[in-house]
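Enquirer: To start, I am sharing the structure in question, which I have written as structure tokens.
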Amino acid sequence: MANHVPFKAVFHIATPIILPFSTTLDGLLAAAINGFTGLTEGDDLFNEIPLALDAESRVFHGSTLFLGMRPRHVQVTKSRALKSDDDLDARHIAPKRKRNGELTNTPYPKMDKSRGDYAHKLSYYGAVEVPTVVAYGMGDIEAVRHCLEVIQGLGRHAQQGCGEIRRIDIDEIDADLSLVSEQGNPQRPLPMPLWERLASGGDYLPGTVAVRPPYWQEPLETCALPLSQELV
């Protein structure tokens, strides 16, 4: 399409990204479009993703999101959040009472870090501090920019402040680097028939993954994978 141009997207990151972190630009755009429209699968979702689509493999021209330079590995500690009706069940939060209905002498147990009904619920995650995350695409830059406006963070627990995005810069570039790098290596998971058709001769890691959104329900395919998720 006339408005499909090659581009580079740079995500400026404010807080650590929880690991493992693995996504593609088309996967991120699909999540954004789901937020706008409620679409989750099928041609209706595909038609809304503003990236070029390889007709034969139905793989989008959107690279893996690569961690930028100077990543630093850290640990993130998060406290448990109330997420469901069961968390608010009276059996969990109501004060203890006697059979006659009166409160017991100690209706609530003392706070304890290691045991008891009200123990601190803490989870520990490996994470990475990185100034930028980079992706490449071939598509409609203005439509991509519009979609990404709703994405506040990257990775797990993004809604709780992890992987917070300060801003996103999207600029047109000279060549399409969404599928294959300048060195001839895969820039995203590529099904082997597509990789062989591209005939780049570059290096790759073999793997079996899903290659199109919605990734969580797509069948796994034998693929050529990027050598690293970090920029080199």
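Read-outs throughout are calculated quantities, based only on the coordinates presented, and are distinct from any laboratory measurement. None of the values given here were measured: they were computed from a predicted structure. Here the Cβ is made from the backbone with ideal geometry for all residues, glycine too, and neighbour counts use every protein chain on show.
Enquirer: Considering only Glu221, Glu102, Glu41, give the residue with the highest GNM mean-square fluctuation for the chain, with springs between Cα atoms whenever their separation is below 10 Å.
Expert: Per the Cα network of the chain with a 10 Å cutoff, Glu102 tops the list.
Enquirer: Continuing with the same structure: Using the Cα gyration tensor of the chain, with a ≥ b ≥ c the square roots of its eigenvalues, what is the shape: rounded (a/c below 1.5), prolate (a/b larger than b/c) or oblate (neither)? Each step should come with its number before you reach the end.
Expert: Numbers: a/c = 2.54, a/b = 2.23, b/c = 1.14.
It is prolate, given that a/c is not under 1.5 and a/b is the larger ratio.
Enquirer: Keeping to pairs on different chains or 8 or more places apart, tell me how many lysine pairs in the chain have Cα atoms under 17 Å apart.
Expert: On the way: Lys78/Lys113; Lys78/Lys121; Lys83/Lys121; Lys96/Lys110; Lys110/Lys121; Lys113/Lys121.
Taking the Cα cut-off of 17 Å, the pair count is 6.
Enquirer: Please give me the summed charge of the neighbours of Ile165: other residues whose Cβ is under 15 Å from its Cβ, Lys and Arg +1, Asp and Glu -1. Walk me through the numbers on the way to the answer.
Expert: Details: positive: Arg145, Arg156, Arg166, Arg167; negative: Glu129, Glu149, Glu164, Asp169.
With Lys, Arg at +1 and Asp, Glu at -1, the net is 0.
Enquirer: Anyone know which of Gly62, Gly137, Gly126 comes out most mobile in the 10 Å Cα GNM of the chain?
Expert: Gly126
Enquirer: Another one. Report, in degrees rounded to the nearest 10, the 0 to 90 angle that the Cα long axis of helix 25-37 makes with the longest principal axis of the chain.
Expert: Computed tilt is about 60 degrees.
Enquirer: So between Asn47 and Val5, what do we pick up on full extension, going 0.36 nm a residue minus the alpha carbon distance?
Expert: Extending this stretch completely gives an extra 13.4 nm.
Enquirer: Let me ask something additional. Filter the GluC sites (Glu not before Pro) in region 143-189 down to the DSSP loop ones having no more than 15 other Cβ atoms within 10 Å, then list what survives.
Expert: Working: sites: Glu149, Glu164, Glu172, Glu182; in loops: Glu149, Glu182.
Qualifying residues, ordered by number: Glu149, Glu182.
Enquirer: Just want to confirm a number: the relative contact order over the chain, from Cα pairs under 8 angstrom separated by 6+ residues, in percent.
Expert: Normalised by residue count, the contact order of the chain is 33 percent.
Enquirer: Choose one of Gln187, Asn105, Pro50: the residue whose Cα lies farthest towards the positive end of the charge dipole of the chain (beta-carbon charges +1 Lys, Arg; -1 Asp, Glu; about the Cα centre).
Expert: Result: Asn105.
Enquirer: Cα centroid distance between region 187-212 and region 160-177, in Å?
Expert: About 23 Å separates the Cα centre of region 187-212 from the one of region 160-177.
Enquirer: For Val150 and Leu205, calculate 0.36 nm times their separation in residues minus their Cα-Cα distance, and state this gained length in nm to one decimal. List each step's numbers first, then the result.
Expert: Working: separation 55, 0.36 × 55 = 19.80 nm, distance 3.25 nm.
That pair, Val150 and Leu205, stretches by 16.6 nm at full extension.
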